1. Any idea which of Ala18, Ala107, Ala54 is furthest toward the positive side of the dipole for the chain, if Lys and Arg beta-carbons carry +1 and Asp and Glu beta-carbons -1?
2. Under the rule a/c < 1.5 gives rounded, and otherwise a/b versus b/c splits prolate from oblate, where does the stretch 1-115 land using the Cα gyration tensor?
3. Would you work out what percent of the accessible area of the chain, with all protein chains in place, is carbon or sulfur (probe 1.4 Å)?
4. Nearest 10 degrees, 0 to 90: what angle lies between the long axis of helix 116-129 and the longest principal axis of the chain (Cα atoms)?
5. Per residue, how much accessible surface does the chain expose to a 1.4 Å probe? Answer in Å², no decimals.
6. Is the stretch 110-155 rounded, prolate or oblate when judged by the Cα gyration tensor, a ≥ b ≥ c being the square roots of its eigenvalues, rounded requiring a/c under 1.5 and prolate requiring a/b larger than b/c?
7. Report Rg(Cα)/(2.2 N^0.38 Å) for the stretch 4-72, keeping two decimals.
8. Could you tell me how many degrees, from 0 to 90 and to the nearest 10, lie between the Cα long axis of helix 138-151 and the main elongation axis, the longest principal axis, of the Cα atoms of the chain?
Amino acid sequence: MTADQTLAQDLLKDLREAQAKLDAARAEAASLKVLLALRTHQHDQAWQEGQRLAAALAEAQTRAEAATTARAETQVDAQANAAASEATAMADERTEAVRIVLGAVLASIGHRALDRRRFQDLIARAGREAPDQGPGAARHAVLLTEARRVLGIAQ
């Protein structure tokens, strides 16, 4: 075998190695593109959910203000007033629960997507801090429902 043949075989071997590395790099780039698309989609969903929760919070605040105004205007008797007061307190607690979920979503959104573990930890902490009796107990159900909605868990 001559030196030219040896050189040609070495060059062919080097070319095949370079081609294999190029194919591996292309496969990795394709995988990264898919991952980026997935993360972008997750981030978009989390942002849309945050917007929806913000709108729900504004609506709940409007309803709570309307309930407060209606309660102030219609003080017919003490029993009706007490019932309205309790309903308003429960609405305020539900509003606060939605505000807590929205805050948890905003605190859990990273550069790419929602950090589910951090979100779940924040919601669990809020659940432990919520009272078990009285109007504040309404927070538990709202926290659970809204957290499941954010996480995409069927009810």
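The values are calculated or read from the model by the stated rules, or taken from the named source; none is laboratory data. These numbers were taken from a predicted model, which means no experiment stands behind them. All Cβ positions, even for glycine, are placed from backbone atoms using ideal geometry, and neighbour counts span all protein chains on display. Remember, those area values only see protein heavy atoms, side chains included, never the ligands or the DNA or RNA. Shrake-Rupley method; radii C 1.70, N 1.55, O 1.52, S 1.80 Å.
1. In the chain, that residue is Ala18.
2. prolate
3. Within the chain, the accessible surface is 55 percent carbon and sulfur.
4. Long axis of 116-129 versus the principal axis of the chain: about 20 degrees.
5. 70 Å²
6. Taking the square roots of the gyration eigenvalues as a ≥ b ≥ c, the stretch 110-155 is oblate.
7. For the stretch 4-72, the normalised Cα radius of gyration is 2.69.
8. Value to nearest ten degrees: 20.
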